[in-house]
Amino acid sequence: MEDSPLNRRRLLWGAAGAAGTTLAAVGLPRLMRPEEKAEAALPRPVRKAPVAAGPPATLRRDPSVDYAPAVWIEASESNYTPSDRPEAYPIEYVVIHLTTDILPIMFTKFKDPAERVSAHYVISTTGTRIAQCVRERDVAWHSGSVWYNYRSIGIEHEGWTDQPVYTDQMYEASAVLTATICAKYDVPVDRDHILGHVEVPLSTHDDPGPVWNWEKYMKLVETARRRIRT
């Protein structure tokens, strides 16, 4: 595989033409396939007794969303790890992504069991459409790091790093979503806990890219967070 950010990004999304040696072969962690094996290596969670009597499998298939403005477009069960967060693992981070594809293609990838990738939320360039693809309690495979996946919510934004389409409406819609997640799980609204994909340790990705306006975004998140009652 050519050692370039573009080809590494294509490996994550399963884009056509990306092939060759795995990241593990060059001394880096593979992005998605080790989830099942890595889960066994994680510290065993302390699980609370369930309040509801319904089986977890039934709850995971519930099409209702965690975030009211979102529509439910479910990822394949082969592309995420069922869990019962935050009881099993604390949710401590929000990871900001860029899709590098249009939304219909992203939804197709998330639904394809061979892709081994997903995110909790996807936001359109206009900010008028938010889709939830994985329940917040479950572990989406989005960051390239098993540890961070288990402790984060992943939000994809429609666009490309070389041609970003970050509209005011997208920033605002994303900021309210992130503020809601922070309020729900007591995640601090700061740059130590709201990360770009590129900032995840050992990340091989450069999204959301240099054009993403972090100062503007964090101010919007802070404003939205103050308006949300905990």
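Among the residues of segment 63-83, those that are free of Cβ contacts under 8 Å to residues at least 60 places away in the same chain and surrounded by fewer than 17 Cβ atoms within 10 Å (Cβ to Cβ) comprise 63, 64, 68, 77, 78, 82. Within segment 154-188, being surrounded by fewer than 21 Cβ atoms within 10 Å (Cβ to Cβ) and among the small types (Gly, Ala, Ser) holds for one residue alone: 183.
Looking across 146, 139, one residue alone is within 23 Å of residue 82 (Cα to Cα), surrounded by 24 or more Cβ atoms within 10 Å (Cβ to Cβ), under 13 Å from the mean Cα position of the chain (by Cα) and among the aliphatic types (A, V, I, L, M). It is 139.
The requirement of being under 19 Å from residue 128 (Cα atoms) and out of contact with any helix residue (DSSP H, G or I) (no Cβ under 6 Å at 6 or more places or on another chain) is fulfilled nowhere in segment 219-227; no residue meets it.
Is there any pair linking a residue in segment 90-119 that is free of Cβ contacts under 8 Å to residues at least 60 places away in the same chain and farther than 24 Å from residue 187 by Cβ to one that is among the basic types (Lys, Arg) and surrounded by fewer than 23 Cβ atoms within 10 Å (Cβ to Cβ), with Cβ under 9 Å and at least six apart or on different chains, and which? That search, which allows pairs on different chains as well, returns 103/129. The set of residues in segment 124-134 being within 17 Å of residue 64 (Cα to Cα), surrounded by 20 or more Cβ atoms within 10 Å (Cβ to Cβ) and over 11 Å from the mean Cα position of the chain (by Cα) consists of 130, 131. The single condition among (1) touching a Lys or Arg at 6+ places or on another chain (Cβ under 9 Å); (2) of a type in the set (Val, Ile, Thr); (3) buried (at least 23 other Cβ atoms within 10 Å of the Cβ) that residue 194 does not meet is (1). Scanning segment 126-167 for residues that are closer than 15 Å to residue 106 by Cβ and of a type in the set (Asp, Glu) gives 156, 158. Of the residues making up segment 89-123, those that are surrounded by 17 or more Cβ atoms within 10 Å (Cβ to Cβ) and of a type in the set (A, V, I, L, M) are 91, 94, 95, 96, 98, 103, 106, 117, 119, 122, 123.
No lab work stands behind these numbers, since they all come straight from the coordinates. Quick caveat, the model's predicted, so the values are computed rather than measured. Using ideal geometry, Cβ is built from the backbone for each residue, glycine included, and neighbour counts are taken over all protein chains shown.
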